[in-house]
Amino acid sequence: MGNNGIYLDYNATTPVLKEVLDAMLPFFSHEFGNAASRTHAYGWQALDAVNHARQQVAALIGAEENEIVFTSGATEAINLAIKGVYEAYRSKGNHIITCATEHKAVLDTCKKLESLGARVTVLPVNTDGQLDMNDLSEAITNETILVAIMMANNETGVVQPLRDIARITHEANALFFSDTTQAIGKLKVDVNDEGIDLCCLSAHKFYGPKGAGALYVRRKKPRVSLIAQIDGGGHENGRRSGTLNVPGIAGMGKAAEIAARDFWDDAQHMSVLRTQLEQCLIDFGNISVNGSTRFRLPNTTSLCFSGRNASEIIKAIHPVAVATGSACSSALPEPSHVLTAMGLTEKDAYASIRFSLGKMTTEEEITDAIEKIKRAVGG
Ligand SMILES: *Cc1c(COP(=O)(O)O)cnc(C)c1O
């Protein structure tokens, strides 16, 4: 890595792979056409690249090409999924179910709809960070139009039981949207196996570029209706207007192809190093894992350094790049809503650090990081 740093914050973003960059570069310069230009070869070339990427992205999640809507990232895809379904199914009901540990893009979108008349149920999680299926069954009614539950949590890596959630959701004739942003490239995500009706991807979370993402929208069994949230030239079958980000989309396609090829080996590699990091620190004392260690991403560990302050540890272990519980989106950092929802005290939430490994993380980086952390907390 640059900066002589040890980057252990891959859940925040990942570097663009060389193969991915190479796949993008032509579309910045000589192949600069607009994919919507149908009258000349510049446009056809761009459209070919977009179609190829659509195949690559669809193949990664077991979808059909016409079920992929390109967006600027997962946040936009989430807004389109939740607001788009809400508007399309308004006559059926106005109830949305989500969960306390969701990403802010989901929670804030639901809040916005609540202010516009939606009824929103935010389900709790247990200390493992998992949803209780009885809570879901009790909350769901025939007014429920959408259940929005993430596959894997960005802060803890905890994985939810998607198949059970999908079954309960479909029994109530509602649609199931899953924020799969963190799962892509780390777990197998197959929309049919999991019973997903809508899900989202963000290229920069799986070694593609920032500013490119996609929404999967099921076409059959059931065919999901969606009201566009960005109007204009009718791109993406009228579901998301705006000139396509051809370089970004080409890069995301390449990143998807590589993820499909490598995810299993990457997962093995990362989980070995993650276990090493976690075990060494736990053995050191007064450090514990937040959330389930059984149902979890292979690359993530959220550790609570009891009685300590995470920001001070992070300063002391410079240049190891990690994250506190909360992505401090504002000037005053709040304790992580994910960790407090799991029952951690504010103090323990402020004592927690997220370590997220990537495919290029080395054993040397991990042993180095362990030493620095031990020195910082052990005195
Ligand atoms: C990163 C992330 C998002 C937002 O993705 P962007 O493409 O950066 O907007 C949403 N949900 C989860 C779980 C994430 O990790």
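The values are calculated or read from the model by the stated rules, or taken from the named source; none is laboratory data. Note that this is a predicted model, so its numbers are computed, not measured. Every residue, glycine as well, gets a Cβ built from its backbone with ideal geometry; the counts of neighbours run over all protein chains shown. Surface accessibility is based on the protein's heavy atoms, side chains included, excluding ligands, DNA and RNA. Shrake-Rupley method; radii C 1.70, N 1.55, O 1.52, S 1.80 Å.
Just a few scattered comments:
- Residue pairs whose Cβ atoms lie under 7 Å apart, sitting 6 or more positions apart in sequence or on different chains, and linking a residue in segment 188-214 that is under 17 Å from R240 (Cα atoms) to a partner that is within 13 Å of the ligand (Cβ to nearest atom) and open to solvent by 30 Å² or more (accessible area, probe 1.4 Å), are G211/S72; G211/N245; A212/N245; G213/S72; G213/E76.
- Of all residues in segment 80-91, at least one satisfies being more than 21 Å from T141 (Cα to Cα) and buried (at least 18 other Cβ atoms within 10 Å of the Cβ).
- Residue list for segment 233-250, restricted to those being open to solvent by less than 60 Å² (accessible area, probe 1.4 Å) and out of contact with any Leu (no Cβ under 7 Å at 6 or more places or on another chain): G234, E236, G238, S241, G242, L244, V246, P247, G248, I249, A250
- Filtered residue count, segment 336-363, keeping only those that are within 23 Å of the chain's Cα centre (by Cα), of a type in the set (K, R) and open to solvent by 40 Å² or more (accessible area, probe 1.4 Å): 1
- Qualifying residue in segment 1-12 (condition: surrounded by 20 or more Cβ atoms within 10 Å (Cβ to Cβ) and over 18 Å from the mean Cα position of the chain (by Cα)): yes
- Residue match in segment 177-196 (condition: touching a Cys at 6+ places or on another chain (Cβ under 8 Å), among the hydroxyl-bearing types (S, T, Y) and part of a loop (DSSP other than H, G, I, E, B)): yes
- Residue in segment 78-86 that is assigned to a helix (DSSP H, G or I) and of a type in the set (S, T, Y) present: yes
- Selected residue (only one of R218, R240 is among the basic types (K, R), modelled with pLDDT of 95 or more and out of contact with any strand residue (DSSP E or B) (no Cβ under 6 Å at 6 or more places or on another chain)): R218
- Single unsatisfied condition, N154 versus (1) within 11 Å of the ligand (Cβ to nearest atom); (2) out of contact with any strand residue (DSSP E or B) (no Cβ under 6 Å at 6 or more places or on another chain); (3) free of Cβ contacts under 8 Å to residues at least 40 places away in the same chain: (3)
- Which listed residue is over 15 Å from F27 (Cβ atoms) and either more than 15 Å from the chain's Cα centre (by Cα) or within 16 Å of the ligand (Cβ to nearest atom) (or both), from N66, N51: N66
- Selection status of S225, among the polar types (S, T, N, Q) and within 11 Å of the ligand (Cβ to nearest atom): no
- Filter pass, K112 being among the basic types (K, R), within 16 Å of the ligand (Cβ to nearest atom), open to solvent by 60 Å² or more (accessible area, probe 1.4 Å) and under 24 Å from Q130 (Cβ atoms): no
- Pick from segment 198-211, criterion open to solvent by less than 20 Å² (accessible area, probe 1.4 Å) and closer than 21 Å to D108 by Cα, ranking: nearest to the ligand (Cβ to nearest atom): S202
- Evaluating E155 against the criteria (1) farther than 23 Å from A53 by Cα; (2) touching a Phe, Trp or Tyr at 6+ places or on another chain (Cβ under 9 Å) leaves one unmet condition, (2).
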